[in-house]
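The values are calculated or read from the model by the stated rules, or taken from the named source; none is laboratory data. Computed from a prediction, not measured in an experiment: that's the story for all the values here. Heads up, the Cβs are rebuilt from the backbone with ideal geometry, glycines too, and the neighbour counts pull from every protein chain shown.
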Amino acid sequence: LDGLVLAAGLNAPRRRWDDQSLTDFRAIVDTNLTAVVTLVDAALPALRAAGGVVVVVSSYAGWSFQPGAGVAYSASKSALASVVRTLNQQEAEHGVRATHLCPGDVATDFLDQRPEVPDAAARQHMLQPEDIGRTVAFVLGSPAHVRIDELVLSPVSQR
């Protein structure tokens with residue numbers, strides 16, 4: 001195993017302190033944060049042996065506070081920055097490299113979890129899944145002496 005791409009994500013339409021469910025909060029944190037740590041931990045022996053690369057697909061909300069992203073989503077995606085930083089700091093001696101990839105709006109079905117779902121016209125101005133795929137391929141294909149700590153990718157229209 002020389003590359004690990006972690007791209008799962010979960011959010012809920014009820015995102016505010018005054019309407020969130022703690023059950024949803026736990027599910028979001030378990031998916032967005034705990035699962036990432038669990039998978040990296042399981043893969044580390046092989047990644048160390050190979051000098052592997054980890055790409056953690058986070059969110060624009062993991063890089064910059066986004067008020068509409070929600071309490072659980074923002075907290076879990078922001079925490080991924082620390083996960084990646086500690087991984088890079090502690091595993092560099094083994095040649096393991098990690099990237100905190102923070103895409104802005106991407107036109108996928110993940111948008112269906114928003115309180116107000118964007119229509120087809122709005123999605124045309126967003127990043128496309130292929131944009132994220134090309135970015136992940138760039139990170140995975142970087143030379144072994146190059147570490148891309150954090151990469152923010154956003155559509156021109158992102159606010």
Selection from the stretch 111-132 of residues that are among the charged types (D, E, K, R) and surrounded by 13 or more Cβ atoms within 10 Å (Cβ to Cβ): R114, R123, D131
Any chance S78 is farther than 23 Å from V146 by Cα and either under 10 Å from the mean Cα position of the chain (by Cα) or at pLDDT 95 or above (or both): yes
Qualifying positions in the stretch 37-81 - aromatic (F, W, Y) and within 12 Å of L6 (Cα to Cα): none
P118 being touching a helix residue (DSSP H, G or I) at 6+ places or on another chain (Cβ under 7 Å), more than 21 Å from N32 (Cα to Cα), without any contact (Cβ under 8 Å) to a residue 40 or more places away in the chain and outside any helix (DSSP H, G or I): yes
The listed residue being touching a His at 6+ places or on another chain (Cβ under 8 Å) and among the basic types (K, R), out of R26, R48, R14: R48
Where G95 falls short, out of the listed (1) on the phi < 0 side of the Ramachandran plot; (2) in contact (Cβ under 8 Å) with a residue 40 or more places away in the chain: (1)
Among residues of the stretch 123-145, those that are in contact with a helix residue (DSSP H, G or I) (Cβ under 9 Å, 6 or more places away or on another chain) and either polar (S, T, N, Q) or in a loop (DSSP other than H, G, I, E, B) (or both), counted: 1
